1. Based on what the data block shows, is V82 part of a helix (DSSP H, G or I), without any contact (Cβ under 8 Å) to a residue 60 or more places away in the chain and either of a type in the set (G, A, S) or out of contact with any Cys (no Cβ under 7 Å at 6 or more places or on another chain) (or both)?
2. Can you find a residue that is more than 10 Å from the ligand (Cβ to nearest atom), in contact with a helix residue (DSSP H, G or I) (Cβ under 9 Å, 6 or more places away or on another chain) and of a type outside the set (D, E) anywhere in the stretch 51-65?
3. If you check S9 against the conditions, is it in contact (Cβ under 8 Å) with a residue 12 or more places away in the chain, of a type in the set (S, T, Y), over 15 Å from I121 (Cα atoms) and in a helix (DSSP H, G or I)?
4. Quick check, is M1 near the ligand (Cβ under 10 Å from one of its atoms), among the aliphatic types (A, V, I, L, M) and farther than 21 Å from G115 by Cβ?
5. Say we look at the stretch 24-50 and pick out the residues that are hydrophobic (A, V, I, L, M, F, W, C) and under 17 Å from M111 (Cα atoms); which of these is farthest from the ligand (Cβ to nearest atom)?
6. Test K119 against the stated conditions and say whether it is out of contact with any strand residue (DSSP E or B) (no Cβ under 7 Å at 6 or more places or on another chain), more than 9 Å from the ligand (Cβ to nearest atom) and free of Cβ contacts under 8 Å to residues at least 60 places away in the same chain.
7. Using the structure shown, decide if R12 is within 9 Å of the ligand (Cβ to nearest atom), of a type in the set (K, R) and either exposed (fewer than 15 other Cβ atoms within 10 Å of the Cβ) or closer than 18 Å to R146 by Cβ (or both).
Amino acid sequence: MEFILKLHSFLRWALVLLMLVSIVKAAISTSGKNPYTPSDRKRTLFTMIAAHLQLVIGVILYVSNGWSQNFSNMSATMKNGVLRFWTVEHLTMMILAIVFITIGNIRSKKMDTDGGKYKQILIWFGLALLIIIAAMPWPFRTELGRGWF
Ligand code: HEM
C-alpha cells in the first residue's frame with residue numbers, strides 16, 4: 001500500500017499543475033480572443049482523467065487503510081480531528097472537487113463559443129482547486145500534515 005500512497009501523493013501535483021495551467025489559460029482567454037485549441041481540449045481531458053485516477057486510488061487507500069471502519073463509531077470519529085479529516089473531510093471534499101472538474105469538462109464541451117468554453121473551465125476548475133487546497137494534508141497542518149511528495 002506504500003506504493004499506492006506514494007502514487008496518490010505524486011499524482012496530486014500532476015493534477016494541481018494541470019488545473020493551474022488550465023485556469024490561467026482560461027482566465028486570459030474568456031474574452032474569446034484566444035481560440036480553444038485541441039491542446040486545450042486534451043489538457044482538460046487529462047485533468048479529468050488524473051482526478052478520476054485520484055478517486056480510484058483514494059477509495060483503495062480508504063478501504064485498505066481501514067478509514068471506512070471508523071463509520072462504526074461516528075461520535076468518537078467526529079470528536080478526533082485527525083480521524084474526522086481522513087474518514088470524512090478529505091473524502092467528501094475531494095469527491096466534490098472531482099465532481100466539479102467533471103462538470104467543467106462536460107460543460108466546456110457543450111459550449112458553442114471558445115470564450116464560453118474557457119469560462120466554464122475557469123468557474124468549475126477554479127472552484128475545484130479551492131476545495132482541493134482546503135482538503136489537502138499540507139505538511140504545515142498540525143497533526144494531520146503529510147510530506148510534500
Ligand atoms: C483531488 C483529489 C485528491 C488529492 C489531491 C488527494 C491528496 C492526498 C494527499 C496529498 C495525501 C497524502 C499522501 C501521503 O501521505 O504522502 C492523500 C492521502 C489519502 N487520500 Fe487523498 N487525495 C484526493 C482524493 C482522495 C479521494 C477521493 C479519497 C477517498 C475516496 C482519498 C483518500 C485518501 C486516503 C485514504 C489517504 C491516505 C490516508 C492514510 O495514510 O491512510 N483521496 N490524499
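The values are calculated or read from the model by the stated rules, or taken from the named source; none is laboratory data. What you are looking at is a predicted structure, and each value in this text was computed from that prediction instead of being measured. Neighbour counts are summed over all protein chains in view; Cβ atoms, including those assigned to glycine, are modelled from backbone coordinates with ideal geometry.
1. Working: part of a helix (DSSP H, G or I): yes; without any contact (Cβ under 8 Å) to a residue 60 or more places away in the chain: no; either of a type in the set (G, A, S) or out of contact with any Cys (no Cβ under 7 Å at 6 or more places or on another chain) (or both): yes.
Criteria not met by V82.
2. no
3. yes
4. So M1 fits the description; yes.
5. Filtering the stretch 24-50 for residues hydrophobic (A, V, I, L, M, F, W, C) gives 24, 26-28, 45-46, 48-50.
Checking which are under 17 Å from M111 (Cα atoms) leaves us with 26-27, 45.
Working: A26: 19, A27: 21, L45: 16 Å.
In this case the residue turns out to be A27.
6. Numbers: out of contact with any strand residue (DSSP E or B) (no Cβ under 7 Å at 6 or more places or on another chain): yes; more than 9 Å from the ligand (Cβ to nearest atom): yes; free of Cβ contacts under 8 Å to residues at least 60 places away in the same chain: no.
Considered against the rule, which asks whether it is out of contact with any strand residue (DSSP E or B) (no Cβ under 7 Å at 6 or more places or on another chain), more than 9 Å from the ligand (Cβ to nearest atom) and free of Cβ contacts under 8 Å to residues at least 60 places away in the same chain, K119 comes out as no.
7. So R12 passes the test.
Condition check ((1) surrounded by fewer than 18 Cβ atoms within 10 Å (Cβ to Cβ); (2) at pLDDT 95 or above; (3) more than 22 Å from M1 (Cβ to Cβ)) across all residues:
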position: D40; (1), (2), (3): no, yes, yes
position: T47; (1), (2), (3): no, yes, yes
position: F71; (1), (2), (3): yes, no, no
position: A76; (1), (2), (3): yes, yes, yes
position: I98; (1), (2), (3): no, yes, no
position: I103; (1), (2), (3): yes, yes, yes
position: R107; (1), (2), (3): yes, yes, yes
position: G116; (1), (2), (3): yes, yes, yes
